[in-house]
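The values are calculated or read from the model by the stated rules, or taken from the named source; none is laboratory data. Predicted, not measured: the structure shown is a model, and the values here were computed from it. Heads up, the Cβs are rebuilt from the backbone with ideal geometry, glycines too, and the neighbour counts pull from every protein chain shown.
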Amino acid sequence: MQKQQKKKSHGSGSITKNPQNGHFYLQFYDAEGRRKTITLKTLTGQYITEQRAAETAAREFMDRLKKIQDIETHEDYLEERARLKKLKARLTITLDDAFDLHLLKPHTRIASNQVENVNRRYWIDFVSFLHDRHGLTTLDQVEREHAEEYIAYIRKFGRWNRKISYHQEKCPRRKEFKEYESGGILSPTTLNRYQSVCKAVFSFLLFDLGYTLEENPFFHIKPLKLEPVERDIFTDEELQRIFASAPPLQRALFTLGICTGLRLGDVATLCWNEIDITVPDTNDIPEFFQHEIHRITRKTKTLVHIPIERELADFLSQQWEKSRYSEYVLPEAAEMYLNHKGMVNRRVLGYLHSLGIVTDKQVPGRKRKQSVKDFHSLRHCFCYYAGLRGVPLPVVQSIVGHLTAAMTRHYQSHADREARMKGIALMRGLFSEGEKPAEAVHSPLRDVLKDRIIQFADRATEIQLLQLNVIIDKLAANELRIETPQDQQVVDVKLLPETATA
């Protein structure tokens, strides 16, 4: 009897042919290491007698077998992983207790009570989702698919728990205590905060759960990309109206805001000991001019150094006489802000509304309006005018405390937009019969004046250059009145003094 011939090895199996009947066989080892032999047949049940057809059938069978083994192996892995997770966990943490336990861990920043309460609401919403949707009760039961499902839901529909309730023990200042339904699409910023809070709870409890970093259910979920909020700056006319009739509190807040670029919380709680001055032994007023404010900002914990110019120095001198014995530069604002932050902001917005200044706009798909002009606009104004006056970008960044130069450039983008609008106006009338910009007229007088301006700029002091820059801006905006022989208009411009060598 002739032996079977081994024709070809195929992965973990081999194809052989019976020389007597010409049928092909497949020999392989199963998952438990046992040797198996099957007869290769076509889909219609006929025996395979050709080499190429046998190779194809064997390959398809082994692929199907591998998929089945992978599924069985994966299920065994999941069961073993769940068992090991329970063994490795140092304690069983319920979803309801997780947030308070994560607060006991050392944090790099100490959150205020207000921020802590908001973060707690975010976590409670996630827990409600897990209770209602999957019946989960402990932290080790939460898997990556649960986190992905929750984030996908709130990005599309908003918060899971839409019931808003107020209780007297938590909100003693409210007059009415009721429950109501609230919903709607959440902003990308709020969505990322939901995600970051949930991720942080797991991150701080990784050791107690016996998890690795990548076993955090939120580890692989990327946050949404955020577009910077397009906040408007106050126009020159609006600034004049703001300071023309401002009450004492609002005038003090706006003065510090426009002169320092600080946020509202930093302005309201600015302390005298954060100003680099020497307090005299007598009742004399200390010298503030050309000293600096050194403050660690409340939001980013960044140390900023703000030079004190003449206008700010005059204001601080006046304020020293009023509040020198207080810890804070603005005692009324500090007390109001520390007891109830929203009250100071409401005072500011109320004053802006009384002047007819629109502070917000409606965003499509959202119930809550977006703030576009408020106290924070003063921070934009500070960066905007600093850019117009040629203050270097790194200097502005160090003063306002931006963590990146890109953020400072964004705050100065108002000037870029104005420059683009003025530039595009020069393109008018390229193909239509509309009004075209006036063409430059070359004349001997023009050349003489241009040379004189250049000579002046070469020899001028920094103050004179800043004055020249302001005059050029006003000329470009047609805001200067120049006396002419035809109309005898009154000159409203103080000519710059020429330098001694000009």
field: Residue check for Arg121: of a type outside the set (Val, Ile, Thr), in a loop (DSSP other than H, G, I, E, B) and under 15 Å from Ser196 (Cβ atoms)
entry: no
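Of the residues that sit in the stretch 450-502 and are small (Gly, Ala, Ser) and farther than 26 Å from Ala386 by Cα, which one is modelled with the highest pLDDT?
The residue in question is Ala500.
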- request: Give Ala111, Ala147 a once-over and let me know the one that is among the hydrophobic types (A, V, I, L, M, F, W, C) and free of Cβ contacts under 8 Å to residues at least 40 places away in the same chain.
  value: Ala111
- prompt: Picking from Thr297, Thr282, Thr302, which residue would you name as being among the polar types (S, T, N, Q) and out of contact with any Gly (no Cβ under 6 Å at 6 or more places or on another chain)?
  reply: Thr282
- prompt: Within the set of pairs 6+ apart or on separate chains, which have a first residue in the stretch 189-201 that is under 15 Å from Phe99 (Cβ atoms) and in the same structural domain as Glu148 (by TED's automatic domain parsing), a second that is among the basic types (Lys, Arg) and buried (at least 18 other Cβ atoms within 10 Å of the Cβ), and C-beta atoms under 9 Å apart?
  reply: Tyr194/Arg159
query: Is at least one residue of the stretch 138-152 among the hydroxyl-bearing types (Ser, Thr, Tyr), surrounded by 15 or more Cβ atoms within 10 Å (Cβ to Cβ) and at pLDDT below 95?
result: yes
query: What number goes with the only condition from (1) in contact with a His (Cβ under 8 Å, 6 or more places away or on another chain); (2) at pLDDT below 90 that Pro280 does not pass?
result: (1)
task: Tally the residues that are hydroxyl-bearing (Ser, Thr, Tyr) and over 16 Å from Val142 (Cα atoms), restricting the search to the stretch 197-236.
output: 1
- prompt: If only one of Phe254, Phe218 is at pLDDT 95 or above, on the phi < 0 side of the Ramachandran plot and out of contact with any strand residue (DSSP E or B) (no Cβ under 8 Å at 6 or more places or on another chain), which one is it?
  reply: Phe218
message: Need pairs with beta-carbon distance below 6 Å; first residue under 30 Å from Leu191 (Cβ atoms) and within the stretch 221-241, second exposed (fewer than 12 other Cβ atoms within 10 Å of the Cβ) and at pLDDT below 90; sequence gap 6+ or separate chains.
response: none
